[in-house]
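Before any comments, here is the structure.
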Amino acid sequence: MAKVIVKDLHKSYGDNEVLKGLNLEVEDNEVVCMIGPSGSGKSTFLRCLNDLEVPTKGQIVISGYDLSDKGTNINLVRENIGMVFQHFNLFPHLTVMQNITLAPVQLKKESKETADATAHELLKTVGLADKADAMPNSLSGGQQQRVAIARALAMKPKIMLFDEPTSALDPEMVGDVLDVMKKLAAGGMTMIVVTHEMGFAKEVADRVVFMADGLIQESGKPDDVFDHPKSPRLQDFLNKVINV
Amino acid sequence: MKKWQVAVVMVLATLGSWFAFASTAQAKTYTIATDTTFAPFEFQAKGGKYKGIDIDILNAIAKKENIKYKLKAISFGAAVQQLSANQVDGVIAGMNVTPERKQTFDFSDAYYTSGVVMAVAKGSSVKSFKDLKGKTVALKTGTAGATYAKSIESKYGFKIKYFNDSNNMYNDVKVGNSAACFEDYPVMSYGIKNGIALKIVSKQYEAGDYGFAVKKGKNAELLKKFNAGLKAIKADGQYKKIVDKYLHSSESSLTGETASSRTFVGLFTQNLSTIGSGLWMTLELTVISIILATIMGMILGVLGVMPGKLGPAISSTIIYIFRGMPLMVLAFFIYIGFPDLIGHGFKIPAFIAGMITLMLNEGAYTGAFVKGGFQAVDDGQMEAARSLGLPYWTAMRKVIMPQGIRIMIPSFINQFIITLKDTSILSVIGIVELTQTGTLIIARNFEGFKIWLMIAIIYLVIITLLTWLSNWVQRRMN
């Protein structure tokens, strides 16, 4: 069974329809990169997947949970979905360690001691073992984003959603964050990544999805999408992005 | 239940028992209201006890007739309002018997007959009513002097300015803002004898009777006893003794103050206990109100940022109502209007009424900035917390509130200082806090400048201490 099933997803803000009927299935261990021009609805789509945006119409089933079903406990669903934001959204009043352990301890997933140990492991994985007691504001953007990834992983999610994770970073910080994400992908994590990093998409994605005007225009293996684009919209987009 | 829930329940239960206690305990004895600053009929002597012709007559009559009573000294206007609202059983406050008042009150036999005189500043050239043309006349609301002056206002073409308090009225004339004031003869003559720099320039007009009042149709028994007692003390010579004592003696022998100690320090040490109890009342009111207002403000603030429409709607409505109402109007409404509305002899003690007033008003202001503080926390914080699977209230408590409260700290400090100062407004419902203490002391010794300076310094000292404390807390939190 597929991890994520999206059927006929619509989302409107007043008269403005942002998503116009999306269909997508993501399998276990699959890495899907979503590309497309700004305003095409990529981020909105991603935020619908953990109910930060409530769809106007359509169905989303994640790991067997139907989000449109009123009986679904959304908090339980979210525990299984990690999300990484463009602007990190670390909790500025808590240390790096506290940021990571807050949710597991509050939700009684782990004791304080176990959570601390897990957090140290995760910080090692993202290369920030020495920053456990630092406050978020003392870290660089790239470091903050890696803490944010560790924070999401602390809940041991089955799926990770990345919403333009490197867009707010200085260029020299991007590599570190992408490396962490590559490690995750190599470890078999199911990932949906909204990104403008075409190199990353080409190298890591199992599938690339191109979105424009609130619809999926084209999708396929990275080689097909990047080297043999079929639709004129995608050709036009790739021309603009690659020939910057 | 969580700790904070237990605390809220306990506060409510305490308030509830206060109400219950207040309404049963006061039923056994009569509550008689009097004015605070109407020497020689009533004034506060050194040490905070009330003295005066009214007080002594009431006391003598009560002894003769075996009446148990509790004296409640508030402003004249509040006393009259409370009598008509059934908050007190009787009023003795140098109150003139007038046809209008007879419609709402039943009066005893006259216990004193007095006329109205006009007084002007010592150096004033005003000699008769004719000289008042185009000038301003100071009056005290609800007095016979005010009624008389109003009746000749158009004839002599002067303007009228009202005061709630005799001393402010005298002072306005003394400094020259008003050309003259109209006052009952014994009151004016007593004041002048005790150092008010005014002089009486007219004969007595409109001789009027002073009577003890009860609400129309109520407390007939009390009125009957008062009349009988009055007859008795007139017969045995006690009455004459009391009146002579106040109208034919100098102030110092009555208030216990020596004329030599009129220096700043002397006044301060002499009135230390009175000022101290006023200060204590102010601090008590401030601390309790700050706690209650903070609880209320936090609730309003959280309601204001809750998802959905109901919470924010309730929050903004409450903030709108109580922030929009002047504190004084709110105090009068809760103390006098609200019990009137409920009826059945329901009473709210002044302290409780004052506390509720401050809680609602300061709580509304607090609610507004608490809401603002929560809203100032970036939306991404809530999204990040929720995306980790934290329920709304956990996210609120662990992520939004700690950040919001940090933003609010300067507003909290500001609000604490405002609350402290706002307690002074509660003197209108008869709470004897620091400001009212000042009014009372001045009513006795007429040392306006020194006493107000003293009161102002005390406020500044407390506010300075409060600011230091707050800054210390703020440093600790950061």
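Within the stretch B:386-478, which helices (runs of 4 or more DSSP H) (wholly inside it) include 1 or more residues that are closer than 28 Å to B:L327 by Cβ and free of Cβ contacts under 8 Å to residues at least 12 places away in the same chain?
On the way: elements: B:392-395, B:401-422, B:434-445, B:448-477.
Here the list reads B:401-422, B:448-477.
When you check A:F162 against the structure, is it touching a strand residue (DSSP E or B) at 6+ places or on another chain (Cβ under 7 Å) and under 30 Å from A:K108 (Cα atoms), yes or no?
Details: touching a strand residue (DSSP E or B) at 6+ places or on another chain (Cβ under 7 Å): yes; under 30 Å from A:K108 (Cα atoms): yes.
So A:F162 fits the description; yes.
Between B:W472, B:W452, which is surrounded by 14 or more Cβ atoms within 10 Å (Cβ to Cβ) and aromatic (F, W, Y)? Break it down stepwise before answering.
Details: B:W472 fails: surrounded by 14 or more Cβ atoms within 10 Å (Cβ to Cβ).
Sole residue among the options that is surrounded by 14 or more Cβ atoms within 10 Å (Cβ to Cβ) and aromatic (F, W, Y): B:W452.
List the strands (runs of 3 or more DSSP E) inside the stretch B:80-189, counting only whole elements, that have at least 3 residues being in contact with an Asp or Glu (Cβ under 9 Å, 6 or more places away or on another chain).
Details: elements: B:105-107, B:112-121, B:136-140, B:159-163, B:180-184.
Of the strands (runs of 3 or more DSSP E) lying wholly inside the stretch B:80-189, those with at least 3 residues that are in contact with an Asp or Glu (Cβ under 9 Å, 6 or more places away or on another chain) span B:112-121, B:136-140, B:159-163.
Out of curiosity, is A:L102 more than 9 Å from chain B (Cβ to nearest Cβ), among the hydrophobic types (A, V, I, L, M, F, W, C) and crowded, with 20+ Cβ neighbours inside 10 Å? Step through it out loud before you land on a result.
Values: more than 9 Å from chain B (Cβ to nearest Cβ): no; among the hydrophobic types (A, V, I, L, M, F, W, C): yes; crowded, with 20+ Cβ neighbours inside 10 Å: yes.
No, not satisfied.
Being at the interface with chain A (Cβ under 7 Å from one of its Cβ atoms) and surrounded by fewer than 22 Cβ atoms within 10 Å (Cβ to Cβ) is the filter; apply it to the stretch B:381-405 and report the residue that is nearest to A:R47 (Cα to Cα). Please lay out each step first, then the result.
Kept after step one, since they are at the interface with chain A (Cβ under 7 Å from one of its Cβ atoms), are these residues of the stretch B:381-405: B:381, B:383-384, B:386-391, B:394, B:398-399, B:402-403.
Now drop any that are not surrounded by fewer than 22 Cβ atoms within 10 Å (Cβ to Cβ), which leaves B:381, B:383, B:386, B:391, B:394, B:398, B:402-403.
Working: B:Q381: 15, B:E383: 10, B:R386: 12, B:P391: 17, B:T394: 21, B:K398: 23, B:P402: 26, B:Q403: 24 Å.
Going through the qualifying residues, I end up with B:E383.
Output the residues belonging to the stretch A:51-72 that are over 21 Å from the mean Cα position of the chain (by Cα) and without any contact (Cβ under 8 Å) to a residue 40 or more places away in the chain.
Listed by number, the residues that qualify are A:D69, A:K70, A:G71, A:T72.
So A:A168 passes all but one of these: (1) assigned to a loop (DSSP other than H, G, I, E, B); (2) in contact with a Pro (Cβ under 9 Å, 6 or more places away or on another chain). Which condition number does it fail?
Just one mismatch for A:A168, condition (2).
Condition check ((1) under 21 Å from B:V399 (Cα atoms); (2) within 13 Å of chain B (Cβ to nearest Cβ); (3) surrounded by fewer than 22 Cβ atoms within 10 Å (Cβ to Cβ)) across all residues:
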residue: A:E79; (1), (2), (3): yes, yes, yes
residue: A:F85; (1), (2), (3): yes, yes, no
residue: A:S111; (1), (2), (3): yes, no, yes
residue: A:G127; (1), (2), (3): no, no, yes
residue: A:S138; (1), (2), (3): yes, no, yes
residue: A:A154; (1), (2), (3): yes, yes, no
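Can you tell me which residues in the stretch A:152-195 are in contact (Cβ under 8 Å) with a residue 60 or more places away in the chain and not aliphatic (A, V, I, L, M)? I'd like the intermediate steps shown before the answer.
Here is the first cut: in the stretch A:152-195, the ones in contact (Cβ under 8 Å) with a residue 60 or more places away in the chain are A:152-153, A:155, A:157-165, A:167-168, A:185, A:188-195.
Within the stretch A:152-195, A:P157, A:K158, A:F162, A:D163, A:E164, A:P165, A:S167, A:G188, A:T190, A:T195 qualify.
For residues in the stretch B:239-265 being modelled with pLDDT under 80 and farther than 28 Å from B:A62 by Cβ, which is surrounded by the most Cβ atoms within 10 Å (Cβ to Cβ)? Break it down stepwise before answering.
Quick first cut of the stretch B:239-265, residues modelled with pLDDT under 80 only: B:247-262.
Next cut, farther than 28 Å from B:A62 by Cβ only: B:258-262.
On the way: B:T258: 11, B:A259: 11, B:S260: 8, B:S261: 12, B:R262: 15.
Among residues in the stretch B:239-265 that are modelled with pLDDT under 80 and farther than 28 Å from B:A62 by Cβ, the one surrounded by the most Cβ atoms within 10 Å (Cβ to Cβ) is B:R262.
Given (1) on the phi < 0 side of the Ramachandran plot; (2) more than 14 Å from chain A (Cβ to nearest Cβ); (3) out of contact with any helix residue (DSSP H, G or I) (no Cβ under 9 Å at 6 or more places or on another chain), where does B:Y365 come up short, assuming only one miss?
With (1) on the phi < 0 side of the Ramachandran plot; (2) more than 14 Å from chain A (Cβ to nearest Cβ); (3) out of contact with any helix residue (DSSP H, G or I) (no Cβ under 9 Å at 6 or more places or on another chain) applied to B:Y365, the lone miss is (3).
Can you name every residue in the stretch B:50-97 that is surrounded by fewer than 21 Cβ atoms within 10 Å (Cβ to Cβ), within 17 Å of B:T37 (Cβ to Cβ) and without any contact (Cβ under 8 Å) to a residue 60 or more places away in the chain?
Of everything in the stretch B:50-97, those that are surrounded by fewer than 21 Cβ atoms within 10 Å (Cβ to Cβ), within 17 Å of B:T37 (Cβ to Cβ) and without any contact (Cβ under 8 Å) to a residue 60 or more places away in the chain turn out to be B:Y50, B:L71.
Just the residues that are among the basic types (K, R) and either surrounded by fewer than 20 Cβ atoms within 10 Å (Cβ to Cβ) or under 22 Å from B:G324 (Cα atoms) (or both), please, taken from the stretch B:346-379. Spell out how you get there, then give the answer.
If we filter the stretch B:346-379 for residues that are among the basic types (K, R), which is where we start, we get B:347, B:371.
Within the stretch B:346-379, just B:K371 meets the criteria.
The values are calculated or read from the model by the stated rules, or taken from the named source; none is laboratory data. A quick note: this is a predicted structure, and the numbers were derived from the prediction, not measured. FYI the Cβ positions are ideal-geometry reconstructions off the backbone, even for glycines, and counts take in every protein chain you see.
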